[in-house]
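Worksheet: the structure to be examined is printed underneath.
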Amino acid sequence: MVKHPAAPVKHKHYRPAGKKKEGNAARYVTRSQAVKQLQVSLPVFRKLCILKGVFPREPKKKVKGNHHTYYHLKDVSFIQHEPLLERLREIRAYERKVKKADAKKNKERTALLKERRPTYKLDRIILQRYPKFVDALRDIDDCLTMVHLFAALPAIEDRIDVKRIHNCRRLSHEWQAYISRTHKLRKVFVSVKGIYYQAEVKGQKVTWLTPHPLQQVLTDDIDFNIMLNFLEFYEALLAFVNCHLYHSIDVKYPPILDSRLEALAAELYALARYLDANSRSAVLDPQASSLSSGNGENKKIETSVEESELRLAQLQHQLPSNEPGALMHLVKDVSSKDEEDNDTKECKQLFKDMKFFLNREVYRESLLFIIPAFGGTVSWEGEGAPFEEADDSITHQIVDRPMHGRQTLAREYVQPQWVYDCINARIILPTGGYLAGRDPPPHLSPFVDNEAEGYVPDYAETIKKWKSGGEVLPLPGVGQEDLEDSQNLLAEGVIDRAKAKEAAERKKKMMALEKQYHDELNMELQGIQHPSSTSNVDNQNSAKDTTEDAEEFDPDTDRDNMSKMLMSRKKRGVLEAMEKGKKRKKDHVEVIRERKRKLKESQK
């Protein structure tokens, strides 16, 4: 009888050495492994990850240890098949040629190689990451914040090129000109970090932050290479977004600005005039239209003029130098593809028929952006301004220091905060608290839901009364007795029937309580004990006993405890986290109220 050898026992997860891995070890790779697989340097790998939108992952089980950065293997393969990777390798090889020619002191070849330096575009990558325009709008918040930040930074040698600063400034002004032209701005808030704006474009809420116009101090601990990689992608993205938005209102892109206004640092107003001129040329036949100068003389243009030269001629000659641009008023006969919603119509009418003039100490760029966005007309002190300070049609003058000189009685001298508060409240607030030289009311954030936070500031309540008309102000010919009588107010149309009924019930109740108080006071003076006093003592004793019993047994508390015991551990943790959040919010409200109480006591 022949005995066969026993077969080797195979374990369930047995894999021979050198075979493919499984689990997290097969799905994730470290950064060093990814750089080795792509055969690029670490800065190039970071740049590719930023441009392609690839971010590190956090696997449940970190095979190589917690001190490594992990990437998904599919993301690395996604970068490996990117044509931009091969283009960056070609640029790297070309830079070696330039460096070699420079080392050999061959200046002619070095200059020739620098002129023919290869470049690349990000058009295809942007189309891959954002197949639809709405997707780009949803992801444009950080883009706008970064572009506005670099637009305010100084140019630094070997760090930030001056061309990047000018490009960021141009893109930011193009975005602001579109938002102001279409009246899409919704909220503005001035904080310590900067100025927050929120606009609603194509149904998407876009929020961005712009820095204050102060001298920026750049430290050495900032990695500008990473920020410049992000900025490179954001510049291309914002250019595509601006192009699509300008075409949606039948305005050609890129705009051609008036060189005189650009030299005077009035790019936003130059864009306004371009929008106005281009909108008019879309309605009129450009070949048959005559272009008028500031003194009224007409000049005809030959039909052989190129399209770009025609637009530039419209900028220089069609509009007089003292006429406000499209940021100051909207051309009524321009056809727009987007129908205006109720918010846009409301914002468009807020500062209608109002003329603002900005003093030289006021931050000009922000107010030049927000005032025309809400239907107002604005000018400033300096060359290129639409109208001068002596214009009699000015209704409001924005100042930020006490006025000691001659003042005009026909206009209001207010602080810049009045404009921001009117925009957030969507009403024209009284100017008494915002006059020059006074401490203005608190600047409330429109991004905070006071009802959800559990604390409503006093000034928010005042603005709410002004908006709803609940606060009854003295009218001409109406005395204090008439204001206390709800029937007279109802007859005059000051309040509605429901409020009149509520006021009448409140007045009746107060009269009953006042009568009871006087009766009790008379009985005490006569030495007679009121029967309600003894009953009140008994009621207090019984209330104490009831409270003690309630403390010993509270059915609601026992029911909550029982429901917690029946919950799973995960749901119980979620409930406890919610309770902690509510308690934290309540403690924060108590801190605010305590500060408010101490402030009132100190003011006494």
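Pairs from the table (Lys464/Lys507; Lys187/Lys467; Lys348/Lys467; Lys205/Lys345) lying more than 20 angstrom apart at Cα are Lys464/Lys507.
Oblate is the label for the range 19-160. Its Cα gyration tensor axes, ordered a ≥ b ≥ c, give a/c of at least 1.5 and b/c at or above a/b.
Take Asp341: with every protein chain present and a 1.4 Å probe, its accessible area is about 60 Å². Projecting label points 7 angstrom from Cα along Cα→Cβ for Asp220 and Asn450 puts them 4.9 nm apart. Taking 0.36 nm per residue of sequence separation and removing the Cα-Cα distance, the Leu228/Ser568 pair yields an extension gain of 117.5 nm.
Taking the Cβ-Cβ separation of Thr207 and Leu112 as r and a Förster radius of 51 Å, what is the calculated FRET efficiency to the nearest 0.05? Please list the in-between numbers first.
Values: r = 48 Å, r/R0 = 0.93.
Efficiency, from the Cβ-Cβ distance: 0.60.
Using Cβ point charges alone (K and R +1, D and E -1), the dipole size of the range 24-116 about the Cα centre works out to roughly 280 debye. Summary of packing: across the peptides 180-189, 124-133, 352-361, the per-residue average of other C-beta atoms within 10 Å ranks them, highest first, as 180-189, 352-361, 124-133.
Taken along the Cα-to-beta-carbon direction at a fixed 7 Å, the label points for His67 and Lys508 span 8.1 nm.
The values are calculated or read from the model by the stated rules, or taken from the named source; none is laboratory data. All of these numbers come straight from a predicted model, not from anything done at the bench. Methodologically, a virtual Cβ is constructed for each residue, glycine included, from the backbone with ideal geometry; neighbour enumeration extends over all protein chains shown. Please note that ligands, DNA and RNA were not included when accessible areas were found on the heavy atoms of the full protein model with its side chains. Shrake-Rupley method; radii C 1.70, N 1.55, O 1.52, S 1.80 Å.
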